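Peer 1: Below is the structure I would like to discuss, written out as structure tokens.
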Amino acid sequence: MLLKHWKPVLVMLATCWLGAGVLAAPLEGTRTLFLVEPGGARHDIASIRFTPGETGSTYEIAWREDRFSEHFLSMRPFKCLEGPQKYWCRIAYPYPNRRTVSTEDLVDLEYDTLFIWKGATEYGINMWNGVYYRLRIEGDTIVGRIHEMDMDRLSAPPEEGNLRPVREMDLEPGEPDSHWLPTLVIE
């Protein structure tokens, strides 16, 4: 008789406990980073290993270098994904980054997934065409939506102690249909 009354409570507690595990899952273990075209085609470009800690998870990104081609653009080397009309070139964040994330704070990972696009037939690169993926957790997946950014914002070092120089006012939501790879997915 007592079990009959406790069963709904046990089910509720188990659901809450499992739900908490789902929120933590995106920040544990090794996951794959994809860039996604508007039609749904996915490009597997990196793996990310998350290691949980006391104040969040640290991470390491292993880029799949064979997916990128080497380009020398505007007097600098770039590694780019070549699309039919646009190239998506990686930008290495040039300043200190803790590489620590939590379910409430994915900014360090946003800084490590910066890109710049250029037209496939253009010779140089325009720093105005920066791509910043604003990340959030959706279930057990991390999803990034494209924001446009002038990468010249990062040309000068930030003030000492400022590990997060990109401000909200520096970002503009991108139009997904006007970009080759408007979505980033980590699963």
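Peer 1: Evaluate the following for Gly130: is it surrounded by 13 or more Cβ atoms within 10 Å (Cβ to Cβ), farther than 17 Å from Arg49 by Cα and within 17 Å of the chain's Cα centre (by Cα)? Before the answer, list the steps.
Peer 2: On the way: surrounded by 13 or more Cβ atoms within 10 Å (Cβ to Cβ): yes; farther than 17 Å from Arg49 by Cα: yes; within 17 Å of the chain's Cα centre (by Cα): yes.
When the stated conditions are applied, Gly130 passes them.
Peer 1: Based on this model, can you work out whether Glu60 counts as farther than 19 Å from His179 by Cα, within 13 Å of the chain's Cα centre (by Cα) and acidic (Asp, Glu)? Before you say what the answer is, go through the steps one by one.
Peer 2: On the way: farther than 19 Å from His179 by Cα: yes; within 13 Å of the chain's Cα centre (by Cα): yes; acidic (Asp, Glu): yes.
Considered against the rule, which asks whether it is farther than 19 Å from His179 by Cα, within 13 Å of the chain's Cα centre (by Cα) and acidic (Asp, Glu), Glu60 comes out as yes.
Peer 1: Every residue in segment 46-86 that is surrounded by 18 or more Cβ atoms within 10 Å (Cβ to Cβ) and either over 21 Å from Met151 (Cα atoms) or in contact with a His (Cβ under 7 Å, 6 or more places away or on another chain) (or both), please.
Peer 2: Within segment 46-86, Ala46, Ile48, Phe50, Gly56, Ser57, Tyr59, Phe78, Cys80, Leu81 qualify.
Peer 1: So, one more: State the number of residues belonging to segment 128-145 that are under 15 Å from Ile91 (Cα atoms), without any contact (Cβ under 8 Å) to a residue 40 or more places away in the chain and not aromatic (Phe, Trp, Tyr).
Peer 2: Within segment 128-145, the first condition is being under 15 Å from Ile91 (Cα atoms), and the residues that meet it are 128-133.
Adding the requirement that they be without any contact (Cβ under 8 Å) to a residue 40 or more places away in the chain leaves 128-130, 132.
Retained after the next criterion (residues that are not aromatic (Phe, Trp, Tyr)): 129-130.
The qualifying residues number 2.
Peer 1: Among the residues of segment 101-122, what is the count of those that are in contact (Cβ under 8 Å) with a residue 12 or more places away in the chain, surrounded by fewer than 18 Cβ atoms within 10 Å (Cβ to Cβ) and β-branched (Val, Ile, Thr)?
Peer 2: 2
Peer 1: Count, please, the residues in segment 128-187 that happen to be farther than 23 Å from Thr103 by Cβ, of a type in the set (D, E, K, R), part of a loop (DSSP other than H, G, I, E, B) and in contact with a Lys or Arg (Cβ under 9 Å, 6 or more places away or on another chain). Before the answer, list the steps.
Peer 2: At the first step, the residues of segment 128-187 found to be farther than 23 Å from Thr103 by Cβ are 128-131, 148-162, 165, 169-170, 172, 174-182.
From the residues that got through so far, the ones that are of a type in the set (D, E, K, R) too are 148, 150, 152-153, 159-160, 170, 172, 175, 177.
Keeping just the survivors that are part of a loop (DSSP other than H, G, I, E, B) gives 150, 159-160, 175.
Of the ones still in play, those that are also in contact with a Lys or Arg (Cβ under 9 Å, 6 or more places away or on another chain) are none.
Looking only at that region, the number is 0.
Peer 1: From the list Ile146, Ile125, Ile91, Ile142, pick out the single residue that is more than 17 Å from the chain's Cα centre (by Cα), at negative phi and crowded, with 16+ Cβ neighbours inside 10 Å.
Peer 2: Numbers: Ile146 fails: more than 17 Å from the chain's Cα centre (by Cα); Ile91 fails: more than 17 Å from the chain's Cα centre (by Cα); Ile142 fails: more than 17 Å from the chain's Cα centre (by Cα).
Step by step, each of Ile146, Ile125, Ile91, Ile142 is checked, and only Ile125 is more than 17 Å from the chain's Cα centre (by Cα), at negative phi and crowded, with 16+ Cβ neighbours inside 10 Å.
Peer 1: So which pairs qualify, if the first residue must be in segment 156-182 and under 16 Å from Gly119 (Cα atoms), the second must be surrounded by fewer than 12 Cβ atoms within 10 Å (Cβ to Cβ) and among the polar types (S, T, N, Q), the Cβ gap must be under 8 Å, and the two must be at least 6 apart or on different chains?
Peer 2: Trp180/Gln85
Peer 1: Here is a follow-up. Thr32 - would you say it is at pLDDT 95 or above, farther than 17 Å from Asp140 by Cβ and polar (S, T, N, Q)? Break it down into steps so the answer makes sense when it comes.
Peer 2: Values: at pLDDT 95 or above: yes; farther than 17 Å from Asp140 by Cβ: no; polar (S, T, N, Q): yes.
No: the conditions fail for Thr32.
The values are calculated or read from the model by the stated rules, or taken from the named source; none is laboratory data. Keep in mind that what you see is a predicted model, and the values were worked out from it rather than measured. Don't worry about glycine lacking a Cβ; one is built from the backbone with ideal geometry, like all the others, and counts go over all protein chains shown.
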